[in-house]
Amino acid sequence: MADPDQPRIIRFGSFEVDKRTGELRKNGSRVKLQQQPLQILLVLLQSRGDIVTREELRHQLWPNDTFVDFDHSLNAAVKRLREALGESADSPVFIETLARRGYRFAVPIDGAENRAGTSIIAPENGSKGRAHRSALLAVAVVALAAALVWFVRISVTRSSPSSKPTITERKLTANSAENPVEGAAISPDGIYLAYTDTTGLYLKLIRSGETHRIAAPGGFSGHLEGWLPDGAHVLVSRAEQPEGTLALWNVPIVGGAPRKIVDDGWGASVSPDGARIAFLRGAPDFRFQRYGKELWVARLDGGDAREIAPSTPDEIFAAPAWSRDG
């Protein structure tokens with residue numbers, strides 16, 4: 001055992017604790033840590049993977065004659081310790097929490113054991129000491145990797161098929177074959193379903209099934225293209241009279257008048273940042289399920305419209321969709 005008068009170093013991963021000075025260091029740099037979190041760390045290291053109960057920590061940190069909100073104080077001290085080690089309770093690396101019981105140090109500790117069971121390494125001088133520390137660091141990296149693999153395996157093993165979410169189908173509309181749903185989309189917050197059929201534009205509260213018609217002046221109707229990012233407006237394409245070409249409209253779901261965005265446009269998709277729309281232009285060919293002839297992009301208000309690509313006699317465009325990066 002090393003001389004008790006000499007500094008005593010406990011190493012784990014890229015960290016080391018100097019018991020004599022009460023310092024925590026990472027890769028040789030000191031990490032600021034208050035006394036109570038340091039005491040908790042030393043107790044956990046002393047236990048070498050065994051569970052340390054909350055009651056044991058109470059006796060170690062707060063004598064019986066100390067008046068303190070123990071649960072709050074212990075939770076705060078453990079939180080500060082986790083922050084110093086660069087982890088959180090949701091993503092633990094070193095300290096495992098056992099609900100309502102206590103804590104356990106989950107990573108192997110380097111070095112020889114003393115009588116108390118803590119892994120202790122005395123500092124060495126010269127090139128021999130540096131070589132020894134390099135070897136120990138390599139062992140620590142391997143040990144840490146092994147511990148992480150073990151942790152992942154345990155987590156997977158504990159996950160049973162019964163804990164996986166069950167996917168079930170749910171019918172959201174009850175339209176007849178004579179009045180089919182022509183377009184539908186769920187709102188960005190997942191609360192509403194907007195849809196169009198041959199009789200108009202509707203808004204349905206998914207949880208309760210309550211359905212309301214979206215009232216628009218002049219009997220406005222068309223084909224629902226999708227929601228705008230604000231969750232208060234939808235994109236609708238409808239045939240313009242007397243030409244019969246399709247135009248894109250911005251329709252508020254609660255009050256207000258629809259506003260035309262672009263003439264001769266349909267099959268619209270809103271960009272991830274909500275600033276632009278991609279859409280098709282050219283008369284739809286219903287033999288090819290409403291595919292279009294030209295691909296266009298414009299601002300959400302219809303300005304700065306520009307053609308991205310024309311079709312050829314052998315090509316047609318389907319409704320576009322944006323990539324995540326826009």
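The values are calculated or read from the model by the stated rules, or taken from the named source; none is laboratory data. From a predicted model like this one, the values you see are computed outputs, not experimental measurements. Methodologically, a virtual Cβ is constructed for each residue, glycine included, from the backbone with ideal geometry; neighbour enumeration extends over all protein chains shown. Protein only, heavy atoms only, side chains kept; ligands, DNA and RNA dropped before computing areas. Shrake-Rupley method; radii C 1.70, N 1.55, O 1.52, S 1.80 Å.
With respect to the conditions (1) open to solvent by 40 Å² or more (accessible area, probe 1.4 Å); (2) at pLDDT below 85, Ser47 lacks only one, and its number is (1).
May I ask you to list the residues in region 45-57 that are closer than 13 Å to Ala77 by Cα and among the hydrophobic types (A, V, I, L, M, F, W, C)? If you could, list the steps in order and put the result at the bottom.
Narrowing region 45-57 to residues closer than 13 Å to Ala77 by Cα: 54, 57.
Matches in region 45-57: Leu57 only.
Contact map, region 172-196: first residue open to solvent by less than 60 Å² (accessible area, probe 1.4 Å), second residue of a type in the set (S, T, N, Q) and outside any strand (DSSP E or B), Cβ cut-off under 6 Å, separation 6 or more or different chains; pairs are Asn179/Thr198; Val181/Thr173; Val181/Asn175. I need the full set of residues from region 269-281 which are more than 10 Å from Leu246 (Cβ to Cβ) and in contact with a strand residue (DSSP E or B) (Cβ under 9 Å, 6 or more places away or on another chain), in order please. If the condition is that a residue be more than 10 Å from Leu246 (Cβ to Cβ) and in contact with a strand residue (DSSP E or B) (Cβ under 9 Å, 6 or more places away or on another chain), then Ser269, Val270, Ser271, Ala275, Arg276, Ile277, Ala278 are the ones that fit.
Given the criteria at pLDDT 80 or above and either open to solvent by less than 20 Å² (accessible area, probe 1.4 Å) or under 25 Å from Leu193 (Cβ atoms) (or both), does Ile308 qualify? In short, no. Is it true that some residue in region 40-49 is in contact with a strand residue (DSSP E or B) (Cβ under 9 Å, 6 or more places away or on another chain) and over 21 Å from Ile109 (Cβ atoms)? Checked region 40-49: no residue is in contact with a strand residue (DSSP E or B) (Cβ under 9 Å, 6 or more places away or on another chain) and over 21 Å from Ile109 (Cβ atoms).
I want to confirm something. Restricting to region 76-92 and keeping residues that are aliphatic (A, V, I, L, M) and modelled with pLDDT of 85 or more, which single residue is nearest to Gly13 (Cα to Cα)?
Among those that are aliphatic (A, V, I, L, M) and modelled with pLDDT of 85 or more, it is Leu85.
Counting the residues of region 172-214 that are closer than 28 Å to Pro272 by Cα and part of a loop (DSSP other than H, G, I, E, B) gives 12.
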